[in-house]
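Right, one structure below, let's go through it.
The values are calculated or read from the model by the stated rules, or taken from the named source; none is laboratory data. Model, not experiment: these values are computed from the prediction. Every residue, glycine among them, receives a Cβ derived from its backbone with ideal geometry; neighbour counts consider all protein chains shown. What goes into the accessible areas is simple: the full protein's heavy atoms, side chains included, and nothing from ligands, DNA or RNA. Shrake-Rupley method; radii C 1.70, N 1.55, O 1.52, S 1.80 Å.
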Amino acid sequence: MSGPLDDLPTDREGARDLDAADPLSELRERFYVPDGERYMDGNSLGLASTDAEAALDRAVAQWKEQAIRGWTDAEPDWFHYGERLGDRLAPLVGAKESEVVVGNSTTVNIHTLIGSMLDACDGETVLVNDLDFPTDHYAIAAQLRQRGLDPDEHLVAVESGDGRTVTTDEVAAALESHDVDIVFMPTVLYRSGQLLDVEGIAELAHDHGALAGFDAAHSVGVVPHEFDENEVDFAVWCSYKYLNAGPGAVAGLYVNERHFDADPALAGWWGHDKATQFEMAHEFTPAEDAGRWQIGTIPVLSAAPLDGALDVTHDAGIEALREKSLALTDYLIHLADERLTDCGYEVGTPRDPDRRGGHVAIEHPEAYRISQVLKDRGVVVDYRPPNVVRVAPSPYYVGFETVWTVVEDLRDIAENEVFERYERESGGVT
Ligand SMILES: *Cc1c(COP(=O)(O)O)cnc(C)c1O
C-alpha cells in the first residue's frame with residue numbers, strides 16, 4: 001500500500017477505496033472509539049479494547065474468588081505476571097524471552113537501567129539529545145548526581161541541527177568530541193516523529209566503547225524492533241501508548257543477556273530469583289535474567305489490560321501493523337502536501353518511511369489555536385509547543401477516510417482563519 005506518494009488519491013472516494021482494501025480495517029471493532037470522536041492521539045494514550053477490558057475483568061474476578069491464592073492459582077498466575085508478559089512482548093522488540101520483563105514505569109526503568117549500566121561499566125558520562133522527552137533527562141541527571149557526578153558536565157546532549165531531528169552523524173560528532181560511556185536515545189522522537197537509526201547508533205556507540213540504550217516509548221507496538229540483532233544493550237518503553245494497555249499501565253524493559261550479571265541499581269524483592277523469593281532471606285539473590293530489574297510487587301490490575309491488548313497486537317501481527325501505519329502516514333503526508341502547504345502548514349516528520357515512527361508532526365505558527373478548534377470538532381490530537389500538531393493515525397483503529405477528514409478540517413481552520421475566534425496560548429498549563 002505504501003507506494004509512491006504521487007499515486008495516492010486526494011478525494012474522499014479514494015480514501016474509502018483505501019479503507020476497503022485495508023486488511024486490518026476490522027481491528028477497529030475491538031476498540032472503544034469515543035462516540036463522535038476522530039481519535040488521533042494513540043501515541044499519548046491508546047484506546048481501550050474489549051480484549052484489554054476482558055483481561056482486566058478476569059483479574060478482578062480472580063481477586064474476588066481467589067484472593068491471595070491468585071498469586072499462585074490465578075490463570076495466568078500473578079507471581080510470574082511480569083515474566084509472562086515479557087515473553088509475549090519479546091517478539092515485538094526482537095529479543096529472547098529472558099531479556100524482556102514488564103514492571104515499574106518507564107521513568108523508573110530509566111533510573112534503574114541507567115544506574116545499573118553506569119555501575120556495570122564504571123561509567124561517568126551519558127549522551128542524550130536536546131529534543132528528548134524531559135523525564136529521560138530528569139532521571140539520568142538524578143542517577144549521575146547520586147554517583148557524585150555533576151550533570152552539567154556528565155549529561156551531554158547532542159544538539160539537533162534542524163530542531164526536528166537528530167542525525168546519526170550528529171551522534172557520531174558528539175561521540176568524537178566527548179568521552180561517552182552510555183548513549184541513550186529515543187527510538188522515535190516524541191515531537192517530530194523521526195525514527196532514529198537504532199542499528200547505526202548502537203554500532204557507533206560500541207565503536208566508541210559506549211553502551212547503547214533506547215527509550216522506545218513511541219515505537220513499541222507500532223514499529224517492530226530487532227534489539228538483539230542490532231546489539232542494543234538495554235531499552236525501556238510504555239504500555240499505554242501504541243500498546244493500548246490503559247492509563248499508567250505497567251511498563252516494559254529489555255536488557256541484552258550479556259548484561260544479566262549487572263547489579264540492579266534499584267533492587268527490590270520482586271527482582272529476586274523467583275525460586276527462593278519466599279524464603280525471605282535478607283541477602284538479595286537477583287533473578288538470572290532481565291527479571292532482576294523488577295522492583296516491587298507487580299501491579300496486577302495495571303498489567304492485566306496489557307495481556308488482553310497484546311492479543312490484538314499479535315492477532316494483527318506487528319509487521320502488518322507497521323505496514324498499515326506507514327500507509328496511513330504516507331497518505332497523511334501526501335494530503336498535507338496537496339492540501340495544506342498553501343495554508344501555512346509544514347510537515348515536520350521525515351518523508352523517508354524508514355525514518356518515520358507512527359505519527360506525523362504538522363507544523364503551523366498557530367498550532368495551539370488550531371488544536372483548540374480541532375478539539376471542538378471532535379478531532380483529538382496533541383499540541384506540542386511551540387508549533388506542532390501531532391497527528392497519530394494509530395493503525396489499530398484509524399482508517400484512511402478519517403485521515404482525509406482531519407486534513408480537510410486542518411485546511412478549513414487555517415484557510416478560513418477559524419482559529420481567530422480562539423484565545424491565544426496563555427503561557428500557563430496547556
Ligand atoms: C511517554 C514517554 C515517557 C513516559 O514515562 P512514564 O514514566 O510512563 O511517565 C517517557 N519517555 C518517553 C520518550 C515518552 O514518550
Next on the checklist: Quick query: amide H of Asn129 versus all other amide H atoms, modeled in the peptide plane; which residues come in under 5 Å with a sequence gap of 5 or more or a different chain?
Outcome noted: Val158
Checklist entry - Excluding ligands and nucleic acids, what accessible area in Å² is computed for Asp11 using a 1.4 Å probe, to the nearest 10? => result 80
Checklist outcome for this item: Per DSSP, the loop-located GluC sites (Glu not before Pro) within the range 218-274 having at most 14 other beta carbons within 10 Å are Glu226, Glu229
Item to check | Subset of Lys324/Lys375; Lys241/Lys375; Lys96/Lys375; Lys274/Lys324 violating a 31 Å alpha-carbon distance limit | outcome: Lys96/Lys375; Lys274/Lys324
Checklist outcome for this item: For the range 65-81, Karplus-derived ³J(HN,Hα) couplings (6.51, -1.76, 1.60; θ = phi - 60°; whole Hz; x for glycine and proline) come out as 7, 10, 6, 5, 5, x, 4, 10, 9, 4, 10, x, 5, 6, 4, 9, 4
Checklist outcome for this item: Those GluC sites (Glu not before Pro) from the range 325-430 that are DSSP loop and have at most 10 other Cβ neighbours within 10 Å turn out to be Glu423
Checklist entry - Angle, helix 318-339 long axis vs. longest principal axis of the chain, Cα atoms, 0 to 90°, nearest 10? => result 30
Checklist outcome for this item: The rounded separation in angstrom of the Cα centers of the range 146-174 and the range 185-213 is 12
Item to check | Residue (of Thr313, Gly296, Ala265) at the positive-pole extreme of the range 263-339, dipole from beta-carbon charges | outcome: Gly296
Checklist outcome for this item: Taking a probe of 1.4 Å and leaving out DNA, RNA and ligands, the range 53-314 shows per residue an accessible area in Å² of 39
Checklist entry - Which trypsin sites (Lys or Arg not before Pro) in the range 384-430 pass both tests, a DSSP loop state and at most 15 other beta-carbon atoms within 10 Å? => result Arg424
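So how strong a dipole does the chain carry about its Cα centre when Lys and Arg Cβ are +1 and Asp and Glu Cβ are -1, to the nearest 20 debye?
Result for the chain is approximately 1400 debye, rounded to the nearest 20.
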Item to check | Taking the chain and dividing mean pair separation by its residue count, relative contact order in percent (alpha carbons under 8 Å, at least six apart) | outcome: 23
Checklist entry - Between the range 235-277 and the range 84-100, how many Å separate their Cα centres? => result 11
Checklist entry - Is it possible to state the helix-based mean residue ellipticity at 222 nm for the chain, with each DSSP H run of 4+ residues giving -39500 (n - 2.57), the sum divided by total residues, to the nearest 500 deg cm²/dmol? What is it? => result -11500 deg cm²/dmol
Item to check | the chain pair-distance distribution - Cα-Cα, 20 Å bins, rounded % | outcome: 26, 55, 19, 0
Next on the checklist: Please list, in order along the range 364-380, the HN-Hα scalar couplings obtained from phi with the Karplus expression 6.51 cos²θ - 1.76 cosθ + 1.60 (θ = phi - 60°), rounded to whole Hz, x for Gly and Pro.
Outcome noted: 7, x, 9, 3, 4, 5, 4, 4, 5, 5, 4, 4, 5, 9, x, 9, 8
